[in-house]
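Below: the structure, in structure tokens.
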Amino acid sequence: MPAKKGKLAKAKPKMAAKPKMAAKPKKAAKPKKAAKPKKAPRPKAPSKAKGLFSVKRHISDGHILIAVCDLELLGKTLEDGDLRLEVRPSFYGGEKVGTDILQSLLEMCTMANLVGKRAVAVATDLGIVDQDCVIAIKGIPHAQCLKAL
């Protein structure tokens, strides 16, 4: 830089170059751990009443009839010889409930109409339906009960 009149030119100090560092040696790849074998899922205790049910309440003259079916049976027709049972949504179609709610409804109703292995199993487990009173249509259990008042 040329010096200006009356002022001295200042020299810019040069920065010293940084010393280059040696490249870090690459780490040796760790051997992969052998994958642990997956544990087989624990078998769950069999429960006849697992799954959802369709429940419809019919109330008349202070009596509560609940129509219950295993959800997958809703809308099907069961035929076996002279026996025919239509699991109509107009009669059985209602709320989708689990076992706990179904148990509560069965305990408070005065009459019940049940179709399906799980639905009948809940009622027999509660002692509301006697297994000797259950019929099977095409292998599907069906029971009706009336509670004594």
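The values are calculated or read from the model by the stated rules, or taken from the named source; none is laboratory data. On a predicted model such as this, the values are computed, not experimentally measured, just so you know. Glycine gets a Cβ as well: all are built from the backbone with ideal geometry, and neighbour counts include every protein chain shown.
Brief remarks follow.
- Segments classed as strands (runs of 3 or more DSSP E), wholly inside the range 1-111, with at least 1 members that are at pLDDT 60 or above, of a type outside the set (D, E, K, R) and touching a Phe, Trp or Tyr at 6+ places or on another chain (Cβ under 8 Å): 53-60, 63-70, 95-97
- Q144 meets each of the listed conditions (1) free of Cβ contacts under 8 Å to residues at least 24 places away in the same chain; (2) of a type in the set (S, T, N, Q); (3) not in a helix (DSSP H, G or I) apart from (1).
- Breaking point among (1) touching a helix residue (DSSP H, G or I) at 6+ places or on another chain (Cβ under 8 Å); (2) surrounded by 15 or more Cβ atoms within 10 Å (Cβ to Cβ), for A121: (1)
- Among (1) over 27 Å from the mean Cα position of the chain (by Cα); (2) exposed (fewer than 15 other Cβ atoms within 10 Å of the Cβ); (3) within 17 Å of K147 (Cβ to Cβ) - the single one V129 does not satisfy: (2)
- Selection from the range 54-93 of residues that are more than 17 Å from A123 (Cβ to Cβ), small (G, A, S) and surrounded by 13 or more Cβ atoms within 10 Å (Cβ to Cβ): G75, G93
- Restricting attention to the range 102-122, the residues that are of a type outside the set (K, R) and closer than 18 Å to E72 by Cβ total 9.
- The residues on offer are G81, G75, and the sole one that is of a type outside the set (S, T, Y), in contact (Cβ under 8 Å) with a residue 12 or more places away in the chain and at positive phi is G75.
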